[in-house]
Amino acid sequence: MIIFENIIKLILCHLVGDYVLQINYIAKTKCNNYYHLLVHCVLYCLPFYVVFGFVWQLIPLLILHIIVDFLKAKKYKFMPYWLDQIIHYLTCLFYLI
């Protein structure tokens, strides 16, 4: 039951971090502005910090979110939305370790 609760928390943290805390301006400019990309990634991690506290899993989550969003913005601009989301959800699995 604890794993199920944590999965629900992870999904909610992802949704809040990737959508609610990302204003339109940051969403549009993070592809061309590294500072905005970093701001988005730090804000993305904020719900995870609030829910789970400062645990070691927060660091790889931040780093992997930066890498995935950077690659999507710069190298794989045509990455399908569903693939981007699958990668983000897979990185959330660090919290189940």
Subject >> the stretch 30-50: number of residues that are among the β-branched types (Val, Ile, Thr) and touching a Phe, Trp or Tyr at 6+ places or on another chain (Cβ under 9 Å) >> reply: 0
Subject >> Matching residues in the stretch 6-30 - criterion: being among the small types (Gly, Ala, Ser) and free of Cβ contacts under 8 Å to residues at least 24 places away in the same chain >> reply: ALA27
Original post:
When you go through (1) in contact with a Ser or Thr (Cβ under 9 Å, 6 or more places away or on another chain); (2) over 16 Å from TYR19 (Cβ atoms) one by one for VAL68, which number turns out not to apply?
Top reply: (2)
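Per-residue answers, yes or no, for (1) in contact (Cβ under 8 Å) with a residue 40 or more places away in the chain; (2) under 13 Å from PHE48 (Cβ atoms); (3) β-branched (Val, Ile, Thr):
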residue: ILE59; (1), (2), (3): no, yes, yes
residue: HIS65; (1), (2), (3): no, yes, no
residue: VAL68; (1), (2), (3): no, no, yes
residue: PHE78; (1), (2), (3): no, no, no
residue: ILE86; (1), (2), (3): no, no, yes
residue: LEU90; (1), (2), (3): no, no, no
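A short reminder: the numbers here are calculations on the coordinates, not readings from a lab. All of these numbers come straight from a predicted model, not from anything done at the bench. Neighbour counts run over all protein chains shown; Cβ positions are idealised from the backbone, glycine included.
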